[in-house]
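Report on the structure given below.
Only the coordinates and a few stated rules stand behind these numbers; no lab work does. Everything numeric here is computed off the predicted structure, so don't read it as measured data. Cβ sites come from the backbone with ideal geometry, for glycine too, and all protein chains shown count toward neighbours.
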Amino acid sequence: MAQVGYSKKVLEHFLNPRNVGTIENPDGYGKVGNPVCGDLMEMFIRVKDDIITDIKFRTFGCGSAIATSSMVTEMAKGMHVDQAMKLTRDDVANELEGLPPQKMHCSNLAADALHEAIKDYKRKKEG
């Protein structure tokens, strides 16, 4: 993996991902995929007073996909849902101290999965 140009932080999150798993009856659920590379990500969030109190993910994909999912969960935990909706692929890549250009789409997926979970939470809340 080091030959691809991954930072130490990417390798750390890939080898020791945080917040892996699912949440039973989540307040929000998001699922996104990239048909080109085959990556698939699921995000589960627990929310109290519009603050993300717990977040878990399941990712089927490359090392970057796993690392970015792990990093997104770390970034989003404790955030207000509106603030978490503003997290971008660049925010994720910057927190990981960069990603190889051919892997940037992975960080986009992680942010998208989080955004989908938040949209699902907001739909449920309004309903």
- Placing +1 on each Lys and Arg Cβ and -1 on each Asp and Glu Cβ in the stretch 1-85, then taking the dipole about the Cα centre, the residue among TYR29, ILE51, MET41 whose Cα reaches farthest towards the positive end is MET41
- Query: For the chain, what does the equivalent ellipsoid look like in terms of its semi-axes, each the square root of 5 times an eigenvalue of the Cα gyration tensor, given largest first in whole Å?
  - Reply: 24, 14, 12
- Query: For ARG46, what charge total do you get from the other residues with a beta carbon under 14 Å from its beta carbon, if Lys and Arg give +1 and Asp and Glu give -1?
  - Reply: -1
- Item | Rel. contact order, % - alpha carbon contacts under 8 angstrom, at least six apart, the stretch 6-127 | 33
- Message: Given points 7 Å out from each Cα along the Cα-Cβ axis, report the ARG123 to LYS48 separation in nanometres with one decimal.
- Response: 2.6
- Computed magnitude of the charge dipole of the chain (debye, nearest 20; Cβ of K, R +1, Cβ of D, E -1): 140
- Task: Kindly provide the helix-only [θ] at 222 nm of the chain, computed as the sum of -39,500 (n - 2.57) over DSSP H runs of four or more divided by all residues, to the nearest 500 deg cm²/dmol?
- Result: -13500 deg cm²/dmol
- Note on the structure: Whole-Å distance linking the alpha carbon centroid of the stretch 53-127 with that of the stretch 9-23 is 12
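Give, in nm to one decimal, the length gained when the segment between LYS86 and GLU74 is fully stretched (0.36 nm per residue of separation minus the Cα-Cα distance).
Working it through step by step, the gained length comes to 2.8 nm.
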